[in-house]
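Student: This structure is in structure tokens; I'll ask about it shortly.
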Amino acid sequence: MLKAKAGVIAGQIWEALNGKEKGLTQKELKKAAKLKTDKDLFLGLGWLLREDKIETKEKEGEMSVKLK
């Protein structure tokens, strides 16, 4: 069940990031992907990180994410 949910959320995140050259901050991404909780955001990010589909950066305590 959780594995299927992670895949769906990863798809939502992918769609939200698609076409965003500079990427999105954690807050922007959560809103753009229409996710309700940080837990869901991190579940999807974990999936995409494992698949090596995204890059993450941290600047001044703020995480940003973009597609590779």
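Any read-out appearing in this document is the output of simple, stated calculations on the displayed coordinates, not a laboratory observation. Quantities reported herein were computed from a predicted structural model and do not represent experimental measurements. Reconstructed Cβ throughout: ideal geometry from the backbone, glycine too, with neighbour counts over all protein chains shown.
Student: Just how large is the dipole of the chain about the Cα centre, in debye to the nearest 20, putting +1 at every Lys and Arg Cβ and -1 at every Asp and Glu Cβ?
Tutor: In total the dipole reaches around 200 debye.
Student: Hey, what angle do you get for helix 2-17 against the long axis of the chain, alpha-carbon based, 0 to 90 degrees rounded to 10?
Tutor: Helix 2-17 sits at roughly 30 degrees to that axis.
Student: In whole Hz, with x marking every Gly and Pro, tabulate ³J(HN,Hα) for segment 62-68 from phi via Karplus 6.51 cos²θ - 1.76 cosθ + 1.60, θ = phi - 60°.
Tutor: 3J(HN,Hα) across segment 62-68, in whole Hz: 10, 8, 10, 9, 8, 6, 7.
Student: Here is a further query. Helix 38-50 versus the longest principal axis of the chain: what is the Cα-based angle in degrees, 0 to 90, to the nearest 10?
Tutor: 90
Student: Let me ask another. Rounded, prolate or oblate for segment 26-68? Axes are the square roots of the Cα gyration tensor eigenvalues, ordered a ≥ b ≥ c, and the cut-off for rounded is a/c under 1.5.
Tutor: Oblate.
Student: Using Cα-Cα distances under 8 Å and only pairs 6 or more residues apart, what relative contact order does the chain have, in percent?
Tutor: 39
Student: Per the helix-only calculation at 222 nm, which mean residue ellipticity applies to the chain, given -39500 (n - 2.57) for every DSSP H run of n ≥ 4 and division by its residues, nearest 500 deg cm²/dmol?
Tutor: -16500 deg cm²/dmol
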